[in-house]
Amino acid sequence: MELQEKTPVHVFTGVDKDVFLRDIYPQRRPAVLRGVSLGPCLEKWTVEYLAQKGGDKEVKIHVSTVPQMDFLHKNFVYKTLTFNEFVKRASEKKHTDFFLCEDESYYLRSLGEDVRKEPADLNKQFPDLAKDFHIPEFFAPDQFFSSVFRISSCGLQLWTHYDVMDNLLAQVTGRRGWFSTAHRMHYTFTCDKSEVLDIDSPDLKRFPDFVKAKRYECVLEPGDLLFIPALWFHNTLALQFGVGVNVFWRHLPADSYDKKDPYGNKDPVAATRALQALERALHTLDELPADYRDFYGRRMIQRIQKRTYCDSLTNSTTQEGSDSTLPSGQFTKPG
């Protein structure tokens, strides 16, 4: 069985707020925005400069003996380092100082000061570095949710996941490969993370439907912005030591989101209630014999399809080669 055809993500140049909101945002597809001003960070953020400005602030990081980090099976450990030491190690291929092995991989996803209550904000956690980075003004200020520092070793590949908020990934230094499947292709995923880690050589016996998902790819160069719409599964690979900033914003009404979620990665409140109600309904069906569960389960599926499927999305999905069945995976929260 052949793998999916690789479709390049469309690249736009000369994008301002009006162009973004008129021509790109309504399409709800990933897009690379090239040439948008990100500030002096593109020239300034060398390893030495980052270490100097970040200083000895402690950061919590992921450390793994292998470059493919797997969230489902937790093949990494959490460690704490000063920011300057972390940047030094992450930029190296071999380490004289290490936790697990001399070629271990590092990954930072910055956190708020109070990790249980506050979202990450570059201006608060790294004010000296934040002065160098200009957040594109493509959304209203009151929609802003977080700005997340992401720094990774060369070769690091993150688990496949989706986000519930729209976001822009600014690639400041290094090159990064990015892969996505259309957000309606849920059937290769369990819970909120994908078990398909090696997207180029997946286990097609375990994940035969993976090849049906339309595959979008791009390589982000320093200075590129990537628009990632909510609910699109994606996976990233650091082709070099790289520094990026993710900017998330609330594109749904503010009360749609869980107010106690500092990561911004919980399902919308209404979706959480619906999934909980579904679990209760399924437990109720367990009271019936198998043939009745099958019959009424199929009726439930038909009702869900009739009530929730959007014609425009269904038509697009059909054109992209998906089947019309409901996803087999179960979901809790996004990545």
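Observations, loosely collected:
- Residue, modelled with the highest pLDDT, within region 207-216, restricted to residues that are part of a loop (DSSP other than H, G, I, E, B) and open to solvent by 20 Å² or more (accessible area, probe 1.4 Å): LYS214
- Matching residues, region 87-98, being in contact with a Lys or Arg (Cβ under 9 Å, 6 or more places away or on another chain) and either crowded, with 17+ Cβ neighbours inside 10 Å or over 25 Å from TYR49 (Cα atoms) (or both): HIS95
- Residues that are part of a helix (DSSP H, G or I) and open to solvent by less than 80 Å² (accessible area, probe 1.4 Å), drawn from region 21-36: LEU21, ASP23, ILE24, TYR25, PRO26
- Enumeration of residues in region 217-232 that are open to solvent by less than 10 Å² (accessible area, probe 1.4 Å) and within 11 Å of TRP178 (Cα to Cα): LEU220, LEU226, ILE228
- Among the residues of region 66-81, the ones that are open to solvent by 40 Å² or more (accessible area, probe 1.4 Å), over 21 Å from HIS161 (Cα atoms) and either assigned to a loop (DSSP other than H, G, I, E, B) or not charged (D, E, K, R) (or both) come to 1 in all.
- Flag if SER322 is touching a Lys or Arg at 6+ places or on another chain (Cβ under 6 Å), open to solvent by less than 70 Å² (accessible area, probe 1.4 Å), at pLDDT below 85 and of a type outside the set (Phe, Trp, Tyr): yes
- Residue match in region 91-99 (condition: under 25 Å from the mean Cα position of the chain (by Cα), within 18 Å of PHE133 (Cβ to Cβ), assigned by the TED database to the domain that holds GLY242 and part of a loop (DSSP other than H, G, I, E, B)): no
- Of the numbered criteria (1) without any contact (Cβ under 8 Å) to a residue 12 or more places away in the chain; (2) farther than 25 Å from GLY177 by Cα; (3) of a type outside the set (Phe, Trp, Tyr); (4) assigned to a helix (DSSP H, G or I), the one GLU48 fails is (2).
- Members of region 126-173 found to be closer than 15 Å to TYR107 by Cα, open to solvent by 10 Å² or more (accessible area, probe 1.4 Å) and not in a strand (DSSP E or B), listed by number: CYS154, GLY155, LEU158, TRP159
The values are calculated or read from the model by the stated rules, or taken from the named source; none is laboratory data. Predicted, not measured: the structure shown is a model, and the values here were computed from it. Every residue, glycine as well, gets a Cβ built from its backbone with ideal geometry; the counts of neighbours run over all protein chains shown. Just so you know, the surface numbers come from the protein's heavy atoms only, side chains and all, with ligands and any DNA or RNA stripped out. Shrake-Rupley method; radii C 1.70, N 1.55, O 1.52, S 1.80 Å.
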